[in-house]
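The values are calculated or read from the model by the stated rules, or taken from the named source; none is laboratory data. As the structure is a prediction and not an experimental result, all values here were calculated from the model. Neighbour counts are summed over all protein chains in view; Cβ atoms, including those assigned to glycine, are modelled from backbone coordinates with ideal geometry.
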Amino acid sequence: MVQLPAYAALAVPILLGATALVLLTYDALSSRATGRNELLGMSGAGILASIVVGVWFLATGVGDPDGRGVFRLFEAQVIVDQLSLFFGVLVASVTFLILLASYDYVAEHTYQSEFYALVLLAASGMALMASANSLAMVAISLELASLPSYVLVAFLKRNRGSVEAGMKYFLIGALSTAILIYGVSLVYAVTGSLLLEDVAGAIAGGVGDANVGILGLGILMILGGFLYKTASVPFHFWAPEAYEGAPAPISAFLSSASKAAGFALAIRVLTVAFPVETVVDPGLVDWVLVAQIVAVVTMTVGNFAAATQDEVKRMLAYSSIGHAGYVFIGIAALTAGGNNNLLIGASLLHLFVYGFMNTGAFLFVSLTEYWNVGRTFEDFNGLATRAPVASVAMTIFLFSLAGLPVGGGFLTKYVLFAGAVSAGFWWLAAVGAINSALSLFYYSRVVKAMWIEDAEEGFEVRSQPLGIYAAIVVAAVATVALLPAFGMLSGVAFDAAAAVLP
């Protein structure tokens, strides 16, 4: 067998970034306008290769301490373990759906190669975020993912809403990055290290009473940076504006892949650098209490705001905020000596299934935008008679998001709530269950409009965009298939959770 170099363990982000460079180089050297088929073929090949490699690494024990081992690269600044591979496969899978749908969505736009390349570069940064093992790499990978995302939100340059959304996203993103980096500097001042394990070791060795306040402020500022990336309260204001103004495939990309990458950072940093046993239990900084408040407020604000929306896209935007609150339950219920592997694993499971069902829902909106259907609930009236396959898929996405047993979302919420109850935080599970019941109300409005209400006269489906349809069908099949395949997926997720827990 050929002995690969150690950095080959970073194959997932490397393949994504390299594919983006290949696209730009091909476009620059091509003597004619680059065709959509070539762009989709090259980008699809690169993404599928990254997915295959990521799954193969997980299956063969790469990143497993009991298998081929954990890889620590660049003086341990970057780590490749089961958690990073898990999120790498998730990000690459969502990216494949996004670019498949973009084949039709950006057909009439110029700079198509740049669009594909920016998506791939952002995905590369998101995959790298899951491998960040130092606070410096946290900031660097976060910017690698964010900078292309700002441009993608404002990609519709002649659309005032898109440009305005991109500017708001950029300004809030710059502020949140500054907050995070300042928090990193405070933690470094107290601990003298940026490596996550060394930070935890320094805190365990004692930081002195005079530095506890500085350390606490630093941790809270770092947590604030993560709340922005995951669109959690109170750093959620950018999400509805960015999702509404951005091209619909990019809305799906940000609400799924970007959110997952943000949680990958939060889970690794909080559990490795600031473990409950070292930071929370001794009474230094109770960031778990902050996470509990964030989980409850984010779930409640997201779902209640979604219930008041008149536009489907904004409803999905606020719904994605609510789902960030559900994921935070796994972090908010961590305790010293508790069954933390179940809690973090449950959060990872929900993020994985959410990546397909939420992406599919936004891609359905992308389909309606392609047909110029409109954005309000009433605009979806009778759509099932014109597009039955897509409407069935949308129904699956929405009911799975609500937690009904039509897709993997039912089991992920069950495991999340059961984990919270087993940890003694029954009230977190109760708030989550109440919010899930509320979400069924506004999700059902879309289903009712599509299947029960009479269609508007004069609307006809004149074309069937193959790329968007294929992406929606693939996402629907994955959402349903993850229900019977939940056992296999849960094993991978719990192994990934164990990689960052003491």
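Can you find a residue in the range 83-98 that is over 25 Å from residue 358 (Cβ atoms) and among the aliphatic types (A, V, I, L, M)? Talk me through it step by step, then tell me what you get.
Of the range 83-98, the ones over 25 Å from residue 358 (Cβ atoms) are none.
No - not one qualifying residue is present in the range 83-98.
Quick check on this structure: which one of 374, 355 is of a type outside the set (Phe, Trp, Tyr), free of Cβ contacts under 8 Å to residues at least 60 places away in the same chain and more than 18 Å from residue 432 (Cβ to Cβ)? Reasoning before the result, please.
Numbers: 355 fails: free of Cβ contacts under 8 Å to residues at least 60 places away in the same chain.
One residue alone meets the criteria, 374.
Within the set of pairs 6 or more residues apart or between chains, which connect a residue that is in a helix (DSSP H, G or I) inside the range 284-299 to a residue that is among the hydroxyl-bearing types (Ser, Thr, Tyr) with Cβ atoms less than 7 Å apart?
Correct list of pairs: 294/232; 298/232; 299/326.
Go over the candidates 28, 45 one by one and state the one that is surrounded by fewer than 21 Cβ atoms within 10 Å (Cβ to Cβ), at pLDDT 90 or above and either on the phi < 0 side of the Ramachandran plot or charged (D, E, K, R) (or both).
Numbers: 28 fails: at pLDDT 90 or above.
So the residue among 28, 45 that is surrounded by fewer than 21 Cβ atoms within 10 Å (Cβ to Cβ), at pLDDT 90 or above and either on the phi < 0 side of the Ramachandran plot or charged (D, E, K, R) (or both) is 45.
How many of the residues making up the range 163-207 are surrounded by 21 or more Cβ atoms within 10 Å (Cβ to Cβ) and over 22 Å from residue 268 (Cα atoms)?
Total meeting the criteria: 3.
For residues in the range 248-295 being more than 30 Å from residue 211 (Cβ to Cβ) and of a type in the set (A, V, I, L, M), which is surrounded by the most Cβ atoms within 10 Å (Cβ to Cβ)? Break it down stepwise before answering.
Start the filter on the range 248-295 by keeping residues that are more than 30 Å from residue 211 (Cβ to Cβ), which leaves 248-261.
Subsequent filtering for residues that are of a type in the set (A, V, I, L, M) retains 248, 250, 252, 254, 257, 260-261.
Working: 248: 25, 250: 32, 252: 30, 254: 26, 257: 28, 260: 24, 261: 29.
Among those residues, the one meeting the criterion is 250.
Looking only at the range 204-220, filter to residues that are part of a loop (DSSP other than H, G, I, E, B) and small (Gly, Ala, Ser); which one of those is modelled with the lowest pLDDT? Quick ask: steps written out before the conclusion?
Looking only at the range 204-220, we keep the residues that are part of a loop (DSSP other than H, G, I, E, B), and these are 205-208.
So of that shortlist, the ones also small (Gly, Ala, Ser) come out as 205-206, 208.
On the way: 205: 86, 206: 82, 208: 78.
Step by step, filter the range 204-220, then rank; the result is 208.
Given the residues 204, 239, 266, which is the only one that is of a type in the set (A, V, I, L, M) and more than 27 Å from residue 81 (Cβ to Cβ)?
Testing whether each residue is of a type in the set (A, V, I, L, M) and more than 27 Å from residue 81 (Cβ to Cβ) leaves just 239.
Among the residues of the range 324-353, write down those that are out of contact with any Ser or Thr (no Cβ under 7 Å at 6 or more places or on another chain) and over 25 Å from residue 278 (Cβ atoms).
Matches in the range 324-353: 326, 351, 352.
Scan the range 116-136 residue by residue and report those that are over 22 Å from residue 39 (Cβ atoms), out of contact with any strand residue (DSSP E or B) (no Cβ under 6 Å at 6 or more places or on another chain) and buried (at least 19 other Cβ atoms within 10 Å of the Cβ).
Pass one, the range 116-136, residues over 22 Å from residue 39 (Cβ atoms): 128-136.
Pick out the ones that are also out of contact with any strand residue (DSSP E or B) (no Cβ under 6 Å at 6 or more places or on another chain) and you get 128-130, 132, 135-136.
Selection gives 128, 129, 130, 132, 135.
Just checking, which of 210, 178, 202 is farther than 30 Å from residue 105 by Cα, in contact with a Gly (Cβ under 7 Å, 6 or more places away or on another chain) and without any contact (Cβ under 8 Å) to a residue 24 or more places away in the chain?
202
Which of the following residues is touching a helix residue (DSSP H, G or I) at 6+ places or on another chain (Cβ under 9 Å) and under 24 Å from residue 93 (Cβ atoms): 343, 289? Walk me through how you get there before you give the answer.
Working: 289 fails: under 24 Å from residue 93 (Cβ atoms).
None of the other options fit; the residue is 343.
Can you report the number of residues in the range 485-497 which are aliphatic (A, V, I, L, M), surrounded by fewer than 18 Cβ atoms within 10 Å (Cβ to Cβ) and part of a helix (DSSP H, G or I)? Don't jump to the end; show me each part of the working.
From the range 485-497, those aliphatic (A, V, I, L, M) are 485, 488-489, 492-493, 496-497; that's our starting set.
Subsequent filtering for residues that are surrounded by fewer than 18 Cβ atoms within 10 Å (Cβ to Cβ) retains 485, 488.
Narrowing further to those that are part of a helix (DSSP H, G or I): 488.
Here the count works out to 1.
Identify, please: which residue in the range 390-439 is β-branched (Val, Ile, Thr) and closer than 17 Å to residue 325 by Cα and is, among those, surrounded by the fewest Cβ atoms within 10 Å (Cβ to Cβ)?
Residues of the range 390-439 β-branched (Val, Ile, Thr): 392, 395-396, 406, 412, 415, 421, 431, 434.
Imposing the further condition that a residue be closer than 17 Å to residue 325 by Cα reduces the set to 412, 415, 421, 431, 434.
Working: 412: 30, 415: 22, 421: 15, 431: 22, 434: 13.
Taking the candidates together, the pick is 434.
I'm trying to understand the selection: among the residues of the range 449-467, which are closer than 16 Å to residue 374 by Cβ and either assigned to a helix (DSSP H, G or I) or at pLDDT 85 or above (or both)? Don't jump to the end; show me each part of the working.
Residues of the range 449-467 closer than 16 Å to residue 374 by Cβ: 449-450, 453-462.
Selection gives 449, 450.
Please go through the range 386-422 and give me each residue that is under 21 Å from the mean Cα position of the chain (by Cα) and free of Cβ contacts under 8 Å to residues at least 40 places away in the same chain, ordered by number.
The first filter runs over the range 386-422 and keeps only residues under 21 Å from the mean Cα position of the chain (by Cα), leaving 393-394, 396-403, 407-417.
Result: 403, 414.
Collect the residues in the range 95-114 that are buried (at least 24 other Cβ atoms within 10 Å of the Cβ) and of a type in the set (A, V, I, L, M, F, W, C), keeping them in residue-number order.
Across the range 95-114, the qualifying residues are 97, 98, 99, 100, 101.
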